[in-house]
Structures are given as C-alpha cells and as structure tokens.
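Submitted below is the structure of interest, expressed as structure tokens.
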Amino acid sequence: MYPWNRKLQVTDKQAIKHTGPAYYADFRMKIALRIVIVSLAPMILVTGIILYQFHVFSNHMVHAHLDELVLKHRQKLDDFLKQKLSDISHLARSHDFSQLQNKTFLQQRLRALQADYSYVFVDLGVIDENGQQVSYAGPFDLDRADYSSSEWFQKARATEAYISDVFSGMRGHPHFIVAVKRQWEGREYLVRATIDFLAFNTLVEDFTMGKTGTAFILNRQGEFQTRPPTGTPKLTMQQYMNLFKMGESARGNIPGKKNTYSMAEANELYQIALEYEFDKNRYSDKSVHKYATFTVEKMAESGTKFLVVAAFLKHDDWLLIFQQETKDAFAKLNETQIIAILISLSGALVIVFMAFFISGQLVKRIARLDSEKQVMNQQIVETGKLASIGELAAGIAHEINNPVAIMVEEAGWIQDLLSEGIDKADNFEEFKRALNQIETQGHRCKGITHKLLSFARKTDSRVETLQLNEFVTEVVDLLSQKFKYANIDVDVQMAPDLPTIQASATEIQQVLMNILQNAVYAMEKTGGKITIITRADDETISISINDTGPGIPEDNLARIFDPFFTTRPVGKGTGLGLSICYGIINKMGGRIDVASRVDEGTTFTIVLPLDTSAPKS
C-alpha cells in the first residue's frame, strides 16, 4: 500500500447491516423505545411539576382554610364567654346588694337568664369577701357554701371579671364559673354564675370538618376543658366526673377512647403552643398574635397521623385545638392526584401502544423496501455481469476462432486423404493425426465456452463455503485473452492453504471481474502489469489487485464508488461496476481500500472477515 493511500467508506463487523426477522424485531423495539422515551419524558416531567405545584398549593389552601375556620370558631367562643360575662356584669351593676342577696329575686333573675339563653346558666350565687355564699339560686344544695379555699375564688378576687377553668367542685359535675367583683358599703362581693358544661361543649364540638375533624379545648396545664377528641360514642357523665376528679390516670385510660390524649400529650401540645406564643412576641405589632394560629402534625398510638390547628382564646388561658386525620384533611387533594396519575398512566399506555403500532407499520414498510432493494441489487449485479460478458465477447470469439480454423484446416486435409485413398503410403497415420488434432481443438473450444457459460450461469447469490484462490484462477483464465491482446502481464501470488470464507460465488466472481476489467481498460493502450496477491491473518482474508496504469486523479478518487460515476466516454461504461463491488463487499461485512497515484498506478484491496456468516443477502 502506498503511504498516501486513501480509504473510502470503511465498515467493520460491528457496522454490518442485518436483515431478517430478528433484525427487524430488534429494529422495531429500538424505534418504539425511542418514541416512548421522547414522548413520555416531557409528559412525566410536566406532570410531576404540575402535581408538585398542585400539592404545594393545595397544602397551602387546606392550611389557610383550616386557619380561617379555627380563628372564626375561636372568635365565636370568645364572644360566647364575653357575652356570658357581660350578662353577669350587667346583673351585678343593675341591682344593689340588698336585692342580689334576696334568694327569691336571684331565682327570678336566673329564670330570666335561662329563658334568654336556653339554660346555659345553671345557677347564680353571691359570695362575700370571706368566701361565704350569702345567696344562691340553682338546682344544687349550695346555700352558705364556703369557697374561701377554692382556687377560682382566690383568682376571681384578684380581678374585676373572671372566667374559671372547668372543674368538678362541690357539685361533682364538670362546670366552669364566670364571676364579677362589686363593692357595696366598703365591702367586696362576687356575683358568679355556673355555665352548663354540656352546652359549652356542644358549642365547641359544632366545629367539625370532614369525617374525622373535631375540636376541643385545653387549659395552660394541658387539662381538657371539653370532651377529649375521639370518634367513639360519647362519655357518660360519670366518666366525665372521673375525668375531672382523677386527673391524669383517668385521662389516658377512658373506656373505648383509642385516640384520647393523655395528660403528657396534652401538656406537650400546649407547650408547642406556648413556644409559638413566645415567638409571636418577637413582633413589634402585638396585634398579630390576635390572628395567629399554629399547625403541627401528631402521630397517634395507633399510627394514625393527625393535622392539628390551634389558637388561643380567653386571654390566652385556653387553647382551642382542631384536629383531623391527615388523610381526611387532604382527601380531595389525594383524590385529585390519583385521578391525575390515572389520566397520566392512561396517556402513557396510549403512547406506548401507538409507539409499538407505528414502529410496527414503519418496520413492515422498511422490510418491504429492503426486500425490493435486494431484488433490485441482484438485478444490477446480473446487469453488470451481462455487461462484463459483452466486453469479453470479442476476446472469446477471437480465442475460439483459432481452434476452429485449425479444425477446418484438418477437415480439408482429411478430405484430401480420402480422395487419395486412406490405404496409400502414410495416409492412414496422417488421417489419425488429423482426427486427433480436431478432437484437441474441439476440447479447447469446449473449455473456453465452458468458462464463459460458468461465469454467465452463476446467478445464485446464496452464501456458501468458498476458496478464494479458485475464483482468482478462474477469472484470470477467463480474461487471459484480453490480457494478451492488451499486452498485460499478470503476476498471481496466492497464499497457500488460504482459509475458506462464507460468501456468494457469483458476487465474489463479479467483484474480481469488474476490478480486473477496469485495470485492463486503463492499460489497453500502453500495456503494463497486474499483480494479484492473496493473504490471510487471524481475522481477515484479503486480495490486492495492483496495476501500473495511469492512476486515478485525486479529484475523482473520492467518487469512484458513487453510482453512475465513470470517466469513460459515453457508451463505453455505465458507472455501476465499482458501486456494485462496494455494495457487495459492504454487505459481506468487508471493505474496499483504494490507493492511487497519477502515472504510477492503482491498488484495490479487498478485505473480508473470516466469519462472514452473520450478514445475509
């Protein structure tokens, strides 16, 4: 090979194009996967972004909605307590002590309050500065009751108006007190009323949401001021009495109350609220705390996750808490997300189906075109072969003409011998010699026509086991007459024990014929030499054909394998010879290298893999 050699359109075994069911099935799968990936990737990305943004927005909306509801309910409860405190304050201001200490008068005022507020007020009482109840109206036997040691009494004396926490007290039932302080003749008195616990509890529990949303109230000690949260049947009054009498041991062990807060849990929740309250104190605008809520998530012992929203009321002494199972709070969000995911999955399935359907139709069309292309390629090869036979015709005719002339001459001589008499002198021996010569020349003609017919009849492109040296010898013999007339010497150097290859006999023959005839055409006016060398290594077998012709200009070198490119005059060539050679060798998984230099010659090197059984025509 020349150092300036130029390789054109080189292929290797990895670039072999297969045909057949396995190839087309793999090709269809690749097309379908690419369509699926290109289609699904943007859809998944966009769907994921939309779902995430929707999730964030919906979470914000759920929290904002619950915050607003809690604040409204907190305002409602605060208004209720203020109204009841205002009613007692009005009662204390509107009447003097002499009237209020009259039990009959006090009973009349109690009935009036109950008529106005549906028995929210349980009883009324007037207590002196020593804690003695000087007047009482109500259903319990609390006349002359002593409250001097009661916690609520001590706290009520320290302020003008007071609302107590819920406690059981002397009557043994949960209740809370609203009280106002008045002075009369230099002495302090408390006018107090008991608020019905169940009525207040019902007011709190009216705040519900979804299937599991419920509200309750804790005080600063984490003690329940309403019924504990639960989804089970309501507690009996006796159970509530136990709840407020027995403290923590009862609160965590109420029958049938699986989601009831223990004292420790309630205190923890209140501490979170207090920390939130402390954080709010950092703001310069203190009024912001009035509209503040806080939200946390709690995990019940059963493993159920709750969303908890809370706000302070009663001058931050009580904490209104609304809790709802997280899955219930976000039920609509989850339902919407599931619908969106199902729609996306449906779209994905449609995309996958259409990808395989479209790729199947496309591959079927490609397979049909490949089949038509193979037929056309075979027709082109046959056309090229017929063209080669036409170019051989003149040389073959001249080669056959010589033995035919000898046979005609010998036949005439036999006639002369017969006219003289076959038994004269040496005529019989001469007769035998003439017949032998006719037979010899006949066999010569037969050999010439047999080679030509063998070349013409090899049209089967099936792959078979071939010995490359045999085909080199056959083609050289077939072109021997052309070599002789063109004054071309042929030097064939064939490697002994050359390995066999898997290829089509007619296609190998066609390649060798085209390249050699091109070399003859290039040197037919000047003569020259053609050197043919076959060799093999561990992976490939090669044949190089070198001529001493005028060479190929560099501008044409890159185009010699293009279909219909030819430098011959019009009518002298089709431009398909080398294109056919390139297609045949490429299909076999091999390559054709060409190196040429003007006025020095051209070398074609054909390289074929030893394992060429994979590509099929």
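So which residues in the stretch 163-221 are of a type in the set (Val, Ile, Thr) and over 30 Å from Ala331 (Cα atoms)?
Ile163, Val166, Ile177, Val178, Val180, Val191, Thr194, Ile195
Separate question: Among the residues of the stretch 281-323, count how many are at pLDDT below 55 and buried (at least 16 other Cβ atoms within 10 Å of the Cβ).
Looking only at that region, the number is 1.
Can you work out which of the residues in the stretch 66-118 that are farther than 21 Å from Tyr162 by Cβ and of a type in the set (Gly, Ala, Ser) is surrounded by the most Cβ atoms within 10 Å (Cβ to Cβ)?
Among residues in the stretch 66-118 that are farther than 21 Å from Tyr162 by Cβ and of a type in the set (Gly, Ala, Ser), the one surrounded by the most Cβ atoms within 10 Å (Cβ to Cβ) is Ala112.
Restricting to the stretch 41-65, what's the tally of residues that are surrounded by 14 or more Cβ atoms within 10 Å (Cβ to Cβ) and either part of a loop (DSSP other than H, G, I, E, B) or β-branched (Val, Ile, Thr) (or both)?
Adding up the residues that qualify gives 2.
Looking at the stretch 73-111, which of the residues that are within 55 Å of the chain's Cα centre (by Cα) and of a type outside the set (D, E, K, R) is nearest to Thr326 (Cα to Cα)?
The selected residue is His73.
Still on this structure, please answer the following. Please go through (1) over 60 Å from the mean Cα position of the chain (by Cα); (2) part of a helix (DSSP H, G or I) for Val70 and return the number of the only condition it doesn't satisfy.
Every listed condition holds for Val70 apart from (1).
Another question, then. Mind listing whichever residues of the stretch 95-142 are part of a strand (DSSP E or B) and either in contact with a Pro (Cβ under 8 Å, 6 or more places away or on another chain) or at pLDDT below 90 (or both)?
Listed by number, the residues that qualify are Val122, Asp123.
Also, quick follow-up: Enumerate the strands (runs of 3 or more DSSP E) found wholly within the stretch 473-579, keeping only those where 1 or more residues are more than 50 Å from the chain's Cα centre (by Cα).
Passing ranges, in order: 488-494, 528-536, 540-547.
List pairs: first in the stretch 474-497 and assigned by TED's automatic domain parsing to the domain that holds Asn546, second surrounded by 14 or more Cβ atoms within 10 Å (Cβ to Cβ) and in a loop (DSSP other than H, G, I, E, B), Cβ under 7 Å, 6+ apart or cross-chain?
Hits for this filter: Ala486/Glu524.
Oh, and also: Of the conditions (1) surrounded by 14 or more Cβ atoms within 10 Å (Cβ to Cβ); (2) closer than 30 Å to Tyr23 by Cα; (3) not charged (D, E, K, R), Ala340 fails just one. Which one is it?
Only one criterion is unmet by Ala340, namely (2).
Does Ile580 meet the test of being at pLDDT 85 or above and out of contact with any Asp or Glu (no Cβ under 6 Å at 6 or more places or on another chain)?
Judged against the criteria, Ile580 is not a match.
Are there any pairs, at least 6 apart or on different chains, whose C-beta atoms fall under 7 Å, with the first in the stretch 159-183 and polar (S, T, N, Q) and the second surrounded by 22 or more Cβ atoms within 10 Å (Cβ to Cβ) and part of a loop (DSSP other than H, G, I, E, B), and if so, which?
Listed pairs, sorted by first residue: Ser168/Pro174.
Pairs under 8 Å by beta carbon, first residue charged (D, E, K, R) in the stretch 325-337, partner part of a helix (DSSP H, G or I) and surrounded by 15 or more Cβ atoms within 10 Å (Cβ to Cβ), six or more apart or different chains?
Pairs found: Lys327/Asn334; Lys332/Ser58.
Scan Val180, Val126, Val166 and give me the residue that is buried (at least 19 other Cβ atoms within 10 Å of the Cβ) and under 60 Å from the mean Cα position of the chain (by Cα).
Just a single option satisfies the conditions, and that option is Val166.
Could you look through the stretch 296-315, keep only residues that are among the aliphatic types (A, V, I, L, M) and in a strand (DSSP E or B), and pick out the one that is nearest to Asp78 (Cα to Cα)?
Going through the qualifying residues, I end up with Leu313.
Got a sec? Which of Ala158, Ala179 is modelled with pLDDT of 90 or more, small (Gly, Ala, Ser) and within 22 Å of Arg111 (Cα to Cα)?
None of the other options fit; the residue is Ala179.
Of all the residues that make up the stretch 1-56, how many are among the charged types (D, E, K, R) and at pLDDT 70 or above?
Selection size over the stretch 1-56: 4.
Do we find that Ser148 is surrounded by fewer than 15 Cβ atoms within 10 Å (Cβ to Cβ), in contact with a Gly (Cβ under 6 Å, 6 or more places away or on another chain) and not acidic (Asp, Glu) in this structure?
yes
Checking the conditions here, which among Ala411, Ala405 is modelled with pLDDT under 75 and either assigned to a helix (DSSP H, G or I) or in contact with a Cys (Cβ under 8 Å, 6 or more places away or on another chain) (or both)?
After applying the criteria, what remains is Ala405.
Please go through the stretch 99-150 and give me each residue that is closer than 12 Å to Val191 by Cα and among the β-branched types (Val, Ile, Thr), ordered by number.
Scanning the stretch 99-150 gives Val126, Ile127, Val134.
I would also like to ask the following. Can you confirm whether Thr214 is under 12 Å from Leu320 (Cα atoms) and touching a strand residue (DSSP E or B) at 6+ places or on another chain (Cβ under 8 Å)?
yes
The values are calculated or read from the model by the stated rules, or taken from the named source; none is laboratory data. Bear in mind the structure is a predicted one, so any value in this text is a computation, not a measurement. When we count neighbours, we look across all protein chains shown, and the Cβ atoms used for this are built from the backbone with ideal geometry, even at glycine.
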